[in-house]
C-alpha cells in the first residue's frame, strides 16, 4: 500500500509556552534534589574558573537533560523550550553547559564518579 497524498506540513515545531514535553522530569529532579545531588555537586566538584561556578546546579541540569533524551550539548536546549523555564529555576544554555564540560579533566571525571557513588547511597 502506498500513500497517495502529500503531507501538508513540511515543518513543525513544539514550542508552546504553556505545554511541557518532559513533565516526568519534575518528580525525577525533585527526588534528585532530596537525595542531595546539588549539594554533592557543590561539595565534591571543583571545576576551576567561572565556568565551574554553580557546579551542582549545572550537574543536575545535565542529568535532567540526559533523562529527557538529550544526547548532545545542543540537545540540552530542550530544557529551555516551552514552559520548561517555569518548572526549573535557571535553565542553563547549552553553550554554558558545554563550557562547563570542556573544563573537565580526568580528575573531574573521577570527582563526578565519586558524586555518583555517594548519590546512589543517599
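Nothing in this text is a laboratory measurement; each read-out follows from the coordinates by a stated rule. Predicted model, so just to flag it, every value in this text is computed and none were measured. So basically every Cβ, Gly included, is an ideal-geometry build from the backbone, and we count neighbours across all protein chains shown.
Round to the nearest 10 and give me the degree value, 0 to 90, for the angle of helix 55-67's Cα axis relative to the longest principal axis of the chain.
So the helix axis and the longest Cα principal axis differ by about 40 degrees.
Any chance you could give the angle, 0 to 90 degrees and rounded to 10, that helix 106-121 forms with the longest Cα principal axis of the chain?
Its long axis makes an angle of about 80 degrees.
Quick one: 58, 51, fewest Cβ neighbours within 10 Å first, how do they rank?
Lowest count first: 51, 58.
Once you order the gyration tensor axes a ≥ b ≥ c over the Cα atoms, which shape class does segment 25-121 get: rounded for a/c under 1.5, otherwise prolate or oblate by comparing a/b with b/c?
oblate
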